[in-house]
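Worksheet: the structure to be examined is printed underneath.
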Amino acid sequence: MLDPLTGDAIKPNPSPDDEPLNAETAARTAGSDLLMAIASCLFLVFLANTVVELLPVQLLKPQWQLGFVARLLGSSSIALGGFAFVHIASTLNPANPFYRRRLETVRRLATFAAIGFFLLIPLQGFATWKSYTQSQTTQQALIEQSEKRLAPLKQAIESATGTADLQQKLSRLPEFRLRLGPDDLDKPLDQVRTALLNNIARTENLYADRLATKPNQIWAAIQGGTRTLLTALAYSFAFAAGAQPGRSSVTLLDMIRMSFQSLLGGRRRRSRPSA
């Protein structure tokens, strides 16, 4: 359009929102790039903390399994932060195709993460039970080994016919370094024999008590198991909230919720009395 007075072209009035929109778009793009870069770094840190430090892999050893569970749960907040940053970056810059593909990838991987965290619960229980049974077996083996080692000493004490004979038998067992004192040689054999056997029994009991599992150790195992249960469930639900199996548009958590509601609805309908 021309100005009727000057004949010059009239420029349309610029929108006052044009400049702020351009600046906001640039800021959102820069922010999304920063968050995506941080997310990539967080995923690398998570892999370093869980994979590298757990080598060499010893799948059949309960101690390695317990260490794996503890290390994975201890580092999972890093992976969850990266998962959230990918979502935020894609929200800030939805037109970026690379970010959309990255979001689809991490959402599919989050499905396996959610299932994996849930499976940590039985793994923790199995590893704890296996470790406890192995500990009990080792304790019993050590106690039996101690009893077998003390058997010749007990036999020498029980088979002695007198204190002099007992002293002679003890001298043939140098590994125990047990000898009768001058006063013991003048005492009745039964009294000396009873005192020695009582001392051996007391030593065996002290050794067995030292090997036995203490109540505070059992309580610590219960606390650790409960902590693992709650933490694994929390991470499982957190990843399920953003996970999308395959090409589904519904999150894994929504699928679980709908399945649970459908199951409850079916039970309620079956529990209603028929007319």
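Quick note: the coordinates plus some simple rules give every number you see, no bench work behind them. This one's a predicted model, so the numbers in the text were calculated from it and none came from an experiment. For neighbour counting, all protein chains shown are included, and Cβ atoms are generated from backbone atoms with ideal geometry for every residue, glycine included.
Using Cβ counts within 10 Å as a stand-in for footprinting exposure, how do Tyr207, Tyr99 rank, fewest first?
Tyr207, Tyr99
R0 = 45 Å: FRET efficiency of Glu144 with Leu47, Cβ-based, nearest 0.05?
With R0 = 45 Å, the Cβ-Cβ based efficiency is 0.50.
Of Val52, Val86, how do they rank once you tally other Cβ atoms within 10 Å and put the fewest first? Please report the intermediate quantities before stating the final value.
Working: Val52 8, Val86 26.
Ordered by Cβ neighbours within 10 Å, fewest first: Val52, Val86.
Explain nothing, just the number: dipole magnitude of the stretch 49-126 about its Cα centre with +1 on each Lys and Arg Cβ and -1 on each Asp and Glu Cβ, in debye rounded to the nearest 20. Walk me through the numbers before you get to the answer.
Details: 7 positive and 2 negative charges, 43 e Å.
Here the stretch 49-126 has a charge dipole of around 200 debye.
Quick check: residue separation of Ala95 and Thr226 times 0.36 nm, minus the Cα distance between them. What number comes out in nm?
Length difference between fully extended and current span is 42.8 nm.
Mind checking the dipole of the chain: about its Cα centre, +1 per Lys or Arg Cβ, -1 per Asp or Glu Cβ, Debye to the nearest 20?
The calculation lands at about 1300 debye.
Kindly state, to the nearest 0.05, the FRET efficiency for Gln191 paired with Thr133, given R0 = 41 Å and r defined as their beta-carbon distance. Don't skip to the answer; put the middle values down first.
Working: r = 43 Å, r/R0 = 1.06.
Computed FRET efficiency for Gln191 and Thr133: 0.40.
Measure off 7 Å from each Cα along the Cα-to-Cβ vector at Ser248 and Thr161, then give the distance between these two points in nanometres to one decimal.
8.7
Under DSSP H, which helices of the chain have Cα atoms covering 27 Å or more of the helix axis and a Kyte-Doolittle average no less than 0.0?
18-50, 62-92, 215-240
List the GluC sites (Glu not before Pro) within the stretch 149-226 that fall in a DSSP loop (any state other than H, G, I, E or B) and whose Cβ has at most 12 other Cβ atoms within 10 Å.
Qualifying residues, ordered by number: Glu175.
To the nearest 20 debye, what is the magnitude of the charge dipole of the stretch 153-275 about its Cα centre, counting +1 on the Cβ of each Lys and Arg and -1 on the Cβ of each Asp and Glu? Could the numbers behind the result be given before it?
Working: 18 positive and 10 negative charges, 286 e Å.
That gives a dipole near 1380 debye.
Suppose a student asked you for the relative contact order of the stretch 22-237, using Cα pairs under 8 Å spaced at least 6 residues apart; what percent would you report? Walk me through the intermediate numbers first.
Values: 142 pairs, mean separation 52.2, N = 216.
Over the stretch 22-237, the number comes to 24 percent.
Diagonalise the Cα gyration tensor of the stretch 22-237 and give the resulting equivalent ellipsoid semi-axes, square root of 5 times each eigenvalue, largest first, whole Å. Intermediate results must be reported in sequence, preceding the final value.
On the way: eigenvalues 940, 40, 34 Å².
Largest first, the stretch 22-237 gives 69, 14, 13 Å.
Compute the distance in nm between two label points, each set 7 Å from the Cα along the Cα-to-Cβ direction, one at Ile88 and one at Phe126.
Rounded to a tenth, the inter-label distance reads 3.8 nm.
Using +1 at the C-beta of Lys and Arg and -1 at the C-beta of Asp and Glu, which of Gln134, Leu54, Gly67 has the Cα lying farthest in the positive direction of the dipole of the chain?
It is Gln134.
For the stretch 151-275, just the Cα atoms, rotate onto the principal axes and tell me the three extents in Å, largest first.
Cα extents, longest axis first: 94, 43, 22 Å.
Can you give the net charge of the other residues whose Cβ lies under 13 Å from the Cβ of Ile200, counting K and R as +1 and D and E as -1?
Computed value for this residue: +1.
Starting from the Cα of Lys154, draw a straight line to each of the lysines and keep only those under 27 Å, dropping any in the same chain fewer than 8 residues away.
Those lysines meeting the cut-off are Lys169, Lys187.
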